[in-house]
1. Among the chymotrypsin sites (Phe, Trp or Tyr not before Pro) within region B:206-285, which fall in a DSSP loop and have no more than 11 other Cβ atoms within 10 Å of their own Cβ?
2. Tell me, how many Å apart are the Cα centres for region B:209-285 and for region A:41-96?
3. What does the charge count near A:A56 come to, summing +1 for each Lys or Arg and -1 for each Asp or Glu among other residues with Cβ under 12 Å from its Cβ?
4. At each listed q (0.11, 0.14 Å⁻¹), what is the log10 of I(q)/I(0) that the Debye formula gives for chain B modelled as equal alpha-carbon point scatterers?
5. In whole Hz, with x marking every Gly and Pro, tabulate ³J(HN,Hα) for region B:179-184 from phi via Karplus 6.51 cos²θ - 1.76 cosθ + 1.60, θ = phi - 60°.
6. Could you tell me how many degrees, from 0 to 90 and to the nearest 10, lie between the Cα long axis of helix B:142-151 and the main elongation axis, the longest principal axis, of the Cα atoms of chain B?
7. What does the net charge come to around B:T98 if you take all other residues with beta carbon closer than 15 Å to its beta carbon, with K and R at +1 and D and E at -1?
Amino acid sequence: MSDQQNETTTRSRSRKSDEEVTFPLRLVKVETGETHWDTAQGRWVPVTHAETGEPASEYRLLATIDGVDVPLGSYNAGRVETVVRAQQQAQQSDKA
Amino acid sequence: MAALLTCVNAFKQSLTGGSFEALAAATRDSLQVVSTGEPNTPAGWIEETWAGNSASKMEWSIFSQRFGDNQNGLRGQQMFNPTLSGADGVPQLGFPRTVDVPVWSADTLNVQVNGTASDNANVGFQIYYQNFQGSEQRLAPYSLVENAIKSGISGNSRVLGIEVTVTPGTTGNYGTAVALNANDDRLQADYDYALLGYTSNAPVMCFGIVGPDTGQYRIPMPGHWDARHTADWFLQSSRWRMSPRVPIINANNKGQTFIDGIDPANPGATKLSLYFAQLPNKFNG
């Protein structure tokens, strides 16, 4: 293992006790990169939202383990953002 | 006899929460049962229900004076499972598989939910009319389709999956409809195809297919996460009831046959594969 890899490994996890090792988690929003065939255009094109035109995307939960991002789960972006809007609305109502 | 298989979807964005509140019918859907002129004969049957909530568990109910009772009628529970990365339990199929509950001529159904404030809620149901005057829907029985699949055509298996990418509406209503051949144009001209079922790459509360062969009525396809529920949806529906439930689509109508979707939480562009079996002969049903 190179010095750089060793350093990354040390940074990305910490030892709380002999039994427990913790790892950093990140939630990132990424495009899925999906494509589909467009019959009218006669070619493969990126999948986009029919109303907004935005590319298909998702939230990925990543754990950094030994310097490597390990995907632990992925969440539909539209569903997550719908909950975000609902929570914002609820919090605004609470303040009012 | 003109049978009709269709659905009603109802929705509300941003619930008030804390008690039952009414959902409104989605665009071009109506909560009123069709009028048959025969008040004491079932006009049709509710065969399936489905529901979805954007962020929490909830209760739903479907009722009318002639459906259950006029208070809560059929009252069901909607689970919310945030550990499912796909859809948190949207949709759940809320009806017993083999129980079909009659609805009555011109009765108006109510759909309501008791949920959490600011959530979005949808509830829908499949309804089958045994004799709907004016409907020209083409529905085949399980036995006919099963024989066609097993026999093949001229030494070839002709079971296809046709991909179409469908985006449910952003505000709980139906989204933009997409032609059956928009993303995958492989149906062979002049042939009839039986729609067996479907699979999708993400859960969606309900897809619908509408076209000349469905009498321009939407046939529902709940987008359950478990493909074993959906891959043979129409075959099983027909088999359980020993009655025609398998839509027949003619390849020449592919450009006029549209698929759309509805969901409480804007799941985005979703790939849907429709499983078709090519029939060796023209279906005359």
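1. Qualifying residues, ordered by number: none.
2. The two parts, judged by their Cα centres, are 28 Å apart.
3. Local charge sum for A:A56: -2.
4. Here the Debye-derived log intensity ratios amount to -0.60, -0.98.
5. Couplings: 5, 4, 9, 5, 10, 7 Hz.
6. 40
7. Details: positive: B:R97, B:R239, B:R241, B:R245; negative: B:E47, B:E48, B:D100.
Local net charge: +1.
Bear in mind these aren't lab numbers, they're just calculated from the coordinates by the rules spelled out. Because the structure is a prediction, the values reported are computed rather than measured. In this analysis, Cβ positions are derived from the backbone assuming ideal geometry, glycine residues included, and neighbour counts consider all displayed protein chains.
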